[in-house]
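Data first, discussion second: the structure below is written as structure tokens.
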Ligand code: SAM
């Protein structure tokens with residue numbers, strides 16, 4: 001490839017590109033661990049347990065980033081399949097950011113898993129109606145501009161009987177815990193962002209966007225407005241995170 005200044009062999013360029021993406025993914029994963037003191041892994045595991053993935057199911061993981069939820073989902077379904085038989089589960093990881101999708105490609109972690117990746121906006125899903133058994137979105141709905149439009153799209157692409165799982169930072173209902181949590185997030189997270197990712201402002205924005213996100217019960221109302229039934233939620237870690245679920249009936 002000729003870049004004008006120097007000629008770089010394709011394999012060198014690919015190596016460099018991969019290096020850049022690896023560092024994006026590494027920063028992202030390290031930041032997640034640092035901010036949540038590793039708890040985001042536990043919250044994701046708890047959410048998957050609640051969803052109870054079954055052999056042969058097809059998952060759409062919206063705002064799927066590097067693919068944490070999708071891999072967990074398939075592995076959980078495969079554990080059931082190993083006991084009871086059936087087809088392997090599959091997942092589509094959808095994200096608006098192609099760099100996140102590329103950064104998430106990991107031949108070791110992806111080996112043996114039926115995964116595909118799609119770059120698209122949660123508000124306009126590039127799928128026919130009734131294609132998926134489960135739709136998840138973890139730490140993504142907060143960033144979506146028109147949340148109701150996205151939730152309606154999740155409902156549209158689910159099969160009847162399909163289920164929705166939304167994992168998102170939320171508001172601890174207990175005032176004393178909320179006070180400590182606010183102090184931690186405003187004082188610590190922007191500094192961590194600076195130290196780990198060299199980016200204080202984005203993490204300041206993150207903290208503010210969490211505060212502005214609807215409280216648990218308000219978010220239930222929005223999910224219901226999009227057409228879901230039997231909507232409810234479970235608070236994780238005293239409500240620092242909430243997992244909302246609903247059904248398409
Ligand atoms: N779900 C992953 C996880 O829990 O590790 C990634 C969460 S990350 C905080 C948020 C992701 O949402 C980013 O990868 C971002 O690109 C994606 N995103 C933001 N807005 C989106 C939209 N409108 N449609 C699809 N993806 C979006």
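Starting from the Cα-Cα distance between residue 234 and residue 118, subtract it from 0.36 nm times their residue separation and give me the gain in nm to one decimal.
38.8 nm
Using 0.36 nm per residue of separation minus the Cα-Cα distance, give me the extension gain between residue 110 and residue 208 in nm, one decimal. If you can, show how the numbers build up before the last one.
Numbers: separation 98, 0.36 × 98 = 35.28 nm, distance 3.41 nm.
Extra length available between residue 110 and residue 208 comes to 31.9 nm.
Computed from label points 7 Å out along Cα-Cβ, the spacing between residue 83 and residue 159 is 2.1 nm.
In a fully extended conformation the segment linking residue 177 and residue 247 would gain 22.1 nm over its present Cα-Cα distance, using 0.36 nm per residue.
Please work out, to two decimal places, the log10 of the ratio I(q)/I(0) at q = 0.12, 0.17 Å⁻¹ from a Debye calculation in which every Cα of the chain carries one identical scatterer. Per q value, in the given order, log10 I(q)/I(0) is -0.73, -1.36.
When the alpha carbon gyration tensor of the range 92-136 is reduced to an equivalent ellipsoid, the three semi-axes, largest first, read 20, 15, 7 Å.
Report for the chain the percent antiparallel among DSSP-assigned beta bridges with both residues inside it, nearest 5.
Values: 14 of 35 bridges.
Approximately 40 percent, going by the DSSP bridge assignments.
Every number here is computed from the coordinates shown, using simple stated rules; none is lab data. If you're wondering where the values come from, they're calculated on a predicted model, not measured in any experiment. No Cβ is skipped: glycine too gets one built from the backbone with ideal geometry, and neighbour counts run over all protein chains shown.
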